[in-house]
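Heads up, the thing below is written out as structure tokens.
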Amino acid sequence: MSRTFLAVLAAVLAACLLPGCSDRRTDAAASAAAAASAAGNSLVAYLRGAEIQAETDAQRDTLRQALRDLQTLPAGELRTARYAGVDGQPAQRNLAQVLRGHLAPAAPQTLELEPLLTERETEAGRAALRETLAKLDPPPAK
């Protein structure tokens with residue numbers, strides 16, 4: 001198992017052993033995010049426990065596309081990828097700007113593109129991406 005996974009697991013278990021664990025889900029998510037950040041995985045720290053903040057279907061679609069691209073596209077394409085702005089104007093934001101604009105992390109932190117490109121390759125990074133995508137509703141039928 002990777003050190004990042006073990007660090008996150010330890011933080012979540014420690015948070016759950018505290019009295020009133022069921023009432024402290026946000027605290028547990030923040031603890032897990034802090035542990036992931038300390039272990040050097042800002043992608044996992046940012047995504048775990050993040051709240052989705054998208055007001056329209058178009059914003060949710062943009063976030064969904066950015067997360068899928070992060071899962072599948074080569075690093076070179078991700079560096080040049082552009083996504084719609086909050087107002088729907090095409091090619092206004094890069095990947096990190098989309099994530100910062102539509103995901104509020106459990107604990108305040110920065111999010112930069114280059115570390116994302118490396119950390120998405122880790123087991124914990126792939127799992128965090130899958131979990132975040134699962135939180136998004138499926139796209140509407142056309």
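Being surrounded by 16 or more Cβ atoms within 10 Å (Cβ to Cβ), of a type in the set (Gly, Ala, Ser) and either under 22 Å from Asn41 (Cα atoms) or touching a residue at least 40 places away in the same chain (Cβ under 8 Å) (or both) is the filter here, so list the residues in segment 82-108 that pass it.
Once the filter is applied, which keeps residues that are surrounded by 16 or more Cβ atoms within 10 Å (Cβ to Cβ), of a type in the set (Gly, Ala, Ser) and either under 22 Å from Asn41 (Cα atoms) or touching a residue at least 40 places away in the same chain (Cβ under 8 Å) (or both), segment 82-108 yields Ala96, Gly101, Ala106, Ala107.
Mind checking which residues of segment 46-66 are more than 17 Å from Thr110 (Cα to Cα), among the hydrophobic types (A, V, I, L, M, F, W, C) and in a helix (DSSP H, G or I)?
If the condition is that a residue be more than 17 Å from Thr110 (Cα to Cα), among the hydrophobic types (A, V, I, L, M, F, W, C) and in a helix (DSSP H, G or I), then Ala58, Leu63, Ala66 are the ones that fit.
Is one or more of the residues making up segment 109-121 open to solvent by less than 50 Å² (accessible area, probe 1.4 Å) and free of Cβ contacts under 8 Å to residues at least 12 places away in the same chain?
For segment 109-121, residues open to solvent by less than 50 Å² (accessible area, probe 1.4 Å) and free of Cβ contacts under 8 Å to residues at least 12 places away in the same chain: absent.
Between a first residue in segment 50-73 that is farther than 14 Å from Glu131 by Cα and a second residue that is open to solvent by 30 Å² or more (accessible area, probe 1.4 Å) and part of a loop (DSSP other than H, G, I, E, B), which pairs have beta carbons less than 7 Å apart while being 6 or more apart in sequence or on different chains?
From segment 50-73, the pairs are Asp57/Pro140; Ala58/Gly88; Gln59/Val86; Arg60/Asp137; Asp61/Pro139.
Within segment 61-81, track down each residue that is surrounded by fewer than 18 Cβ atoms within 10 Å (Cβ to Cβ) and more than 19 Å from Ala127 (Cα to Cα).
Hits for segment 61-81 are Asp61, Gly76, Glu77, Arg79, Thr80.
Within segment 67-81, which residues are in contact with a helix residue (DSSP H, G or I) (Cβ under 9 Å, 6 or more places away or on another chain) and either charged (D, E, K, R) or in a helix (DSSP H, G or I) (or both)?
Leu67, Arg68, Asp69, Leu70, Gln71, Ala75, Glu77, Leu78, Arg79
Table: residues versus (1) at pLDDT below 55; (2) among the basic types (Lys, Arg).
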position	(1), (2)
Ala14	yes, no
Arg25	yes, yes
Ser42	no, no
Gln53	no, no
Pro74	no, no
Gln97	no, no
Leu103	no, no
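The values are calculated or read from the model by the stated rules, or taken from the named source; none is laboratory data. Bear in mind the structure is a predicted one, so any value in this text is a computation, not a measurement. Every residue, glycine as well, gets a Cβ built from its backbone with ideal geometry; the counts of neighbours run over all protein chains shown. Only protein heavy atoms, including side chains, enter the accessible area calculation; ligands, DNA and RNA are left aside. Shrake-Rupley method; radii C 1.70, N 1.55, O 1.52, S 1.80 Å.
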